[in-house]
Amino acid sequence: MRSKNEPIGQEGRSFIETARRAQIVACAIEVIAEVGYAQASLASIARRAGISKGVISYHFKGKDELIQQVVDEAFTLGDAFTRPRVEAQTTAAAMLAAYIESTVEFYRTHRAHMIALLDIWSAFRHDDGRPRLDTTANEPELASVEEILRFGQLAGEFREFSARVMAVTVKQAVDGVLTQMAAYPDVDLDAYARELVTTFDIATRKER
């Protein structure tokens, strides 16, 4: 998972400043995952971190910058988690399966990040009401899935279909895990991943 927004650079920051920013971001994720974006004030995040609100203001210009850092971290961590697992495979079918399985596993191991991101997605807006996040934020990830699908078609593994439509379908199916996680904390993610892998194996395979 990669955001179209580049993460804020760390040039010129001391180790202490970098560690403090990371602590604030981590606490912001915890608070948003627990109470939601709307209720996650800088004061409540500061209380969770055991610092004053002024310390947050020293490291971030405001809530918007802090929330953007939360978003960037979720995308960056997700990409770092899934990419090596996909690139370790040698066939398109295995790559697609690895993408699905590793993404669901990332959602499991980074539950707070993803529950927070799910709430932020619809609530994080510009002053004029326009959403700061929309489907274009997923474009790099969609492009990666589309690349796997095109590779499979060129290699003769996959049947002919619209790689774009299939990539969007795969992405939306995988992201459906998030809403299930939020509503049903005990959802069987292993079973969910297995069913998705089987579904898209059937949907993409070339008949022989």
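Points worth noting:
- Being touching a helix residue (DSSP H, G or I) at 6+ places or on another chain (Cβ under 9 Å), touching a residue at least 40 places away in the same chain (Cβ under 8 Å) and at negative phi holds for only one residue in GLU141, GLU34, and it is GLU141.
- Summed over segment 78-113, residues that are of a type in the set (Phe, Trp, Tyr) and surrounded by fewer than 21 Cβ atoms within 10 Å (Cβ to Cβ) total 1.
- Answer residue from segment 154-168, given it is in a helix (DSSP H, G or I) and free of Cβ contacts under 8 Å to residues at least 12 places away in the same chain and is nearest to ILE100 (Cα to Cα) among those: VAL165
- Selection count, segment 96-114, where residues are part of a helix (DSSP H, G or I), under 10 Å from the mean Cα position of the chain (by Cα) and under 14 Å from PRO185 (Cα atoms): 2
- Qualifying residue in segment 144-151 (condition: open to solvent by less than 40 Å² (accessible area, probe 1.4 Å), under 16 Å from the mean Cα position of the chain (by Cα) and modelled with pLDDT of 95 or more): yes
- Near pairs, Cβ below 8 angstrom, 6+ apart or cross-chain, from segment 54-83 (closer than 29 Å to MET95 by Cβ and assigned to a helix (DSSP H, G or I)) to any residue that is open to solvent by 10 Å² or more (accessible area, probe 1.4 Å) and among the aromatic types (Phe, Trp, Tyr): THR82/TYR99
- Among residues of segment 55-77, those that are open to solvent by less than 50 Å² (accessible area, probe 1.4 Å) and more than 28 Å from PRO140 (Cβ to Cβ), counted: 2
- Selection of segment 122-132 for residues being closer than 24 Å to VAL104 by Cα and either open to solvent by 70 Å² or more (accessible area, probe 1.4 Å) or free of Cβ contacts under 8 Å to residues at least 12 places away in the same chain (or both) yields only SER122.
- Scope segment 1-44; condition part of a helix (DSSP H, G or I) and either over 25 Å from ASP79 (Cβ atoms) or at pLDDT below 90 (or both); matching residues: PHE15, ILE16, GLU17, THR18, GLU34, VAL35, LEU42, ALA43, SER44
- ASP201 vs. criteria closer than 18 Å to GLU101 by Cβ, assigned to a helix (DSSP H, G or I), in contact (Cβ under 8 Å) with a residue 40 or more places away in the chain and acidic (Asp, Glu): yes
- Residue match in segment 175-197 (condition: touching a strand residue (DSSP E or B) at 6+ places or on another chain (Cβ under 9 Å) and either under 19 Å from MET95 (Cα atoms) or outside any helix (DSSP H, G or I) (or both)): no
- Residues that are open to solvent by 30 Å² or more (accessible area, probe 1.4 Å) and either closer than 16 Å to ALA143 by Cα or out of contact with any helix residue (DSSP H, G or I) (no Cβ under 7 Å at 6 or more places or on another chain) (or both) within segment 157-178 comprise PHE161, SER162, ARG164, VAL165, VAL168, THR169, GLN172, ASP175, listed in sequence order.
The values are calculated or read from the model by the stated rules, or taken from the named source; none is laboratory data. The model shown is predicted, which means the values in this text are computed figures rather than measured ones. Here the Cβ is made from the backbone with ideal geometry for all residues, glycine too, and neighbour counts use every protein chain on show. Side chains are part of the model used for accessible areas, which takes the heavy atoms of the whole protein and leaves out ligands, DNA and RNA. Shrake-Rupley method; radii C 1.70, N 1.55, O 1.52, S 1.80 Å.
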